[in-house]
Amino acid sequence: MNRKLRFGMIGGGRGAFIGAVHRIAAIMDGKAELVAGAFSSDAARSKASGADLFLDPRRVYGSYQEMAKAEAKLPASQRLDFVVIVTPNHQHFPPAKLFLESGFNVVLDKPATFNLAEAVKLRAIVKKSKKVLVLTHNYTGNVMVKQARELVANGSVGEIRKIVVEYPQGWLSTFLEKTGQKQAGWRTDPKRSGAAGCMGDIGTHAENLARYITGLHIESLCADLTTFVKGRKLDDDGNVLVRYKGGAKGVLHSSQISIGDENMLNIRVYGTKAGLEWRQEFPNELVVKYADQPRQTWRRGNGYLTPRVGRFTRIPAGHPEGYLEAFANIYLEAYRAISAEVEGKRQPKDLDFPTIEDGVEGMVFIETVVKSSKLGAKWLKFPKA
């Protein structure tokens, strides 16, 4: 493609956190530009947000419905190539459905939808529309996460026996939502967040990370969710025992009341030949552990990494890359798919980004975890959706 891709954003206006992250990541490599948006369900706030971003006022809309209708009428030389949806969970499915059916590709924040039923419907819509849907499980964009995946895939780790993955945060250790804090407000509200709080917000990242690196799918699980903060409506801490298909065992926990922790997502994978350890707060390092030799620390940007991993790094070794660059790597892969779709070409076979299938599996995880906990931490089969 000999031009930048054009995109619009739904949500992500004034006061939002993740919208700005998406905008930075989406344009980091100079392959796309933001040209339109419906940045808030409040029309005035949307217009003000568009002005903040110096967009043409004619392409800043008061609702996503208005945006879809107007953008679909534009000539091909001006029309959007894709939209980015960064709204609270309960507002994922309606705009995604509308834009896919209106002929647009979609980048969707996680979790995919408000509930599993919506995710299954969205999968059918994606298939029928033949459009690209990208789910932003951004941690899979980290270079050393991709290297860990390569080591598992090429047999260096051996047969996987155990996975320990955790995501502790401490920002909701008090009744923060009572103060009117926007992020705390919707993430702890079952009408906007869905059936789970902490486990839906960050536990899904832990589950997705384990699946991405190892390729293993859950066979059954036993979950214990807790709401520690009095007055909170959803879980703020959760512990899950996991049995994977093939015989591996796992421990997964996520918490938003772990005082002092910021975003300490980390994973340890133990195989018959080696072990792996990666920590999100130190994303440029992957620890490789053996039984009969000293542990090794592999670092991003070096020539000993697998060649296909190299295309996901931008700067030489020793210069840190992190959260924003990982997010941008999701977009880089998305652009390969979206460009092919726009030009009517066959999709590349080696695309590496989360899809609606990951979204459906994530929603199955949420609903199974919630059900298990409500049944008194009962072991449940992981259903196929």
- Query: Hey, what do the phi angles of the range 301-311 turn into as Karplus ³J(HN,Hα) couplings, whole Hz, using 6.51/-1.76/1.60 and θ = phi - 60°, x for Gly and Pro?
  - Reply: x, 9, x, 7, 6, 4, x, 5, 6, x, 6
- Query: Given only helices, namely DSSP H runs of n ≥ 4 each adding -39500 (n - 2.57), what is the per-residue ellipticity at 222 nm of the chain, to the nearest 500 deg cm²/dmol?
  - Reply: -9500 deg cm²/dmol
- Residues with amide H under 5 Å of Val83's amide H, sequence separation 5 or more or different chain, H placed in the peptide plane at 1.01 Å from N; which? Gly8, Asn105, Val106, Val107
- Note on the structure: Once the in-chain neighbours fewer than 8 apart are removed, the aspartates and glutamates whose Cα is under 15 Å from Lys128 read Glu101, Glu341, Glu357
- Note on the structure: Looks like the chain, by Cα gyration tensor root eigenvalues a ≥ b ≥ c and the a/c under 1.5 rounded cutoff (else prolate when a/b is bigger than b/c, oblate otherwise), is oblate
- Query: Of all DSSP beta bridges located in the chain, what percent are antiparallel, nearest 5?
  - Reply: 60
- Shape of the range 1-115 from its Cα gyration tensor (a ≥ b ≥ c, root eigenvalues): rounded if a/c is under 1.5, otherwise prolate when a/b > b/c, or oblate? rounded
- Query: Using a cut-off of 19 Å between alpha-carbon atoms, which lysines can reach Lys233, once sequence neighbours fewer than 8 places away in the same chain are excluded?
  - Reply: Lys178, Lys182, Lys191, Lys371, Lys374
- Amide H contacts under 5 Å for Gly215, restricted to residues at least 5 apart in sequence or on another chain and with H modeled in the peptide plane, are none
- Task: Arrange Glu71, Glu357 by Cβ neighbour counts within 10 Å, fewest through most, would you?
- Result: Glu357, Glu71
- Message: As a footprinting exposure proxy, order Ile356, Ile125 by other Cβ within 10 Å, with the fewest listed first.
- Response: Ile125, Ile356
- Starting from the eigenvalues of the Cα gyration tensor, five times each then square-rooted, give me the equivalent ellipsoid semi-axes of the range 60-177, largest first, whole Å. 34, 21, 14
- For peptides 75-86, 148-159, sequence by mean Cβ density within 10 Å, most packed first: 75-86, 148-159
- Once phi for every residue in the range 163-170 is put through the Karplus expression 6.51 cos²θ - 1.76 cosθ + 1.60 (θ = phi - 60°), the whole-Hz ³J(HN,Hα) values, with Gly and Pro written as x, are 10, 10, 9, 9, 9, x, 10, x
- Task: Please sort by residue number the trypsin sites (Lys or Arg not before Pro) in the range 275-335 whose DSSP state is loop and whose Cβ has at most 11 other Cβ atoms within 10 Å.
- Result: Arg295
- Run the dipole for the range 1-129 about the Cα centre, Lys and Arg Cβ at +1, Asp and Glu Cβ at -1, nothing else charged, and hand back the magnitude in debye, nearest 20. 280
- Item | Charged-residue dipole, Cβ positions (Lys, Arg, Asp, Glu), the chain about Cα centre, Debye nearest 20 | 840
- What's the center-to-center distance, using Cα atoms, between the range 60-105 and the range 165-230 in Å? 28
- May I ask you to sort His205, His22, His217 by Cβ crowding, counting other Cβ atoms within 10 Å and putting the fewest first? His217, His205, His22
- Selected from Ile267, Gly103, Tyr335, residue furthest toward positive end of dipole (the chain; charges at beta carbon): Gly103
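None of the figures in this text is laboratory data; all of them are computed from the coordinates on show. Nothing here was measured: the structure is a model prediction, and the numbers come from that model. Reconstructed Cβ throughout: ideal geometry from the backbone, glycine too, with neighbour counts over all protein chains shown.
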